[in-house]
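Student: To start, I am sharing the structure in question, which I have written as structure tokens.
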Amino acid sequence: MFDQFLQGSSTGQIAKQLNYEHIPTQRGHHWWSSTIINILRNINYTGDMLCQKTYRDDQYHRHFNQGELAQYLIEEHHPALVSRKNFNKAQELLKQTAQQRNTESGSHKYQQHYLFSGKIICGHCGSTFKRQTRPNKICWACQKHLHSAKLCPVKSVPEKSIQNAFCTMMNKLISAGNFYSLHWYKN
């Protein structure tokens, strides 16, 4: 993956090729661009090991550690799969790509990948909602609630409900638009 990326393949192209070749992920799932990005950002492939990249809150929800806890780097912990030179080149290329797309490099936040990304705002705390894939359904949840239920009591909403509400509202707006345009033509 590192070699393909450094030779000019996008993360989407790499994921598409792996899926085309029916190569499953470690857990037997479909490859996504975000999966490739996470692999390319993983310093463990250099033989070093970064500890406490994630943590669990008091509700046992896992979160990416973005400075909440100290992280520890153990150098030359295991044999390297990728040279530090190639790893650093990949990080620079990822950073350049993020800047070109106006996305935050190194962030694990959604970057407008889905129709509702960045558009659903919690009515209780004002935080944006995040898309989550759960067994048998897709939900959107307040990011503060995901961090800790103490920060926001608003629970997740099934994506189907959001899609239905969106379609209902669009139909109402279209109907109102047609009504006003018909009314305008009569006068």
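Student: List the pairs whose first member sits in the stretch 71-95 and is touching a residue at least 40 places away in the same chain (Cβ under 8 Å), whose second member is open to solvent by less than 90 Å² (accessible area, probe 1.4 Å) and aromatic (Phe, Trp, Tyr), and whose Cβ atoms are under 8 Å apart, counting only residues at least 6 apart or on separate chains?
Tutor: Matching pairs, first to second residue: VAL82/PHE2; VAL82/TYR45; ASN86/PHE2; PHE87/PHE2; PHE87/TYR45; ALA90/PHE2; ALA90/PHE5; LEU93/PHE5.
Student: Given the residues GLY126, GLY118, which is the only one that is at pLDDT 85 or above, closer than 22 Å to PHE166 by Cβ and not in a helix (DSSP H, G or I)?
Tutor: Being at pLDDT 85 or above, closer than 22 Å to PHE166 by Cβ and not in a helix (DSSP H, G or I) holds for just one of GLY126, GLY118, which is GLY126.
Residue-by-condition table, conditions (1) open to solvent by less than 80 Å² (accessible area, probe 1.4 Å); (2) at pLDDT 90 or above:
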residue	(1), (2)
ASN44	yes, yes
GLY47	yes, yes
LEU50	yes, no
LYS53	yes, no
HIS77	no, yes
GLU104	no, no
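The values are calculated or read from the model by the stated rules, or taken from the named source; none is laboratory data. Owing to the predicted nature of the structure, the values given are computational and were not obtained by experimental measurement. Using ideal geometry, Cβ is built from the backbone for each residue, glycine included, and neighbour counts are taken over all protein chains shown. To get the accessible areas, we keep the full protein, side chains included, count just its heavy atoms, and leave off ligands, DNA and RNA. Shrake-Rupley method; radii C 1.70, N 1.55, O 1.52, S 1.80 Å.
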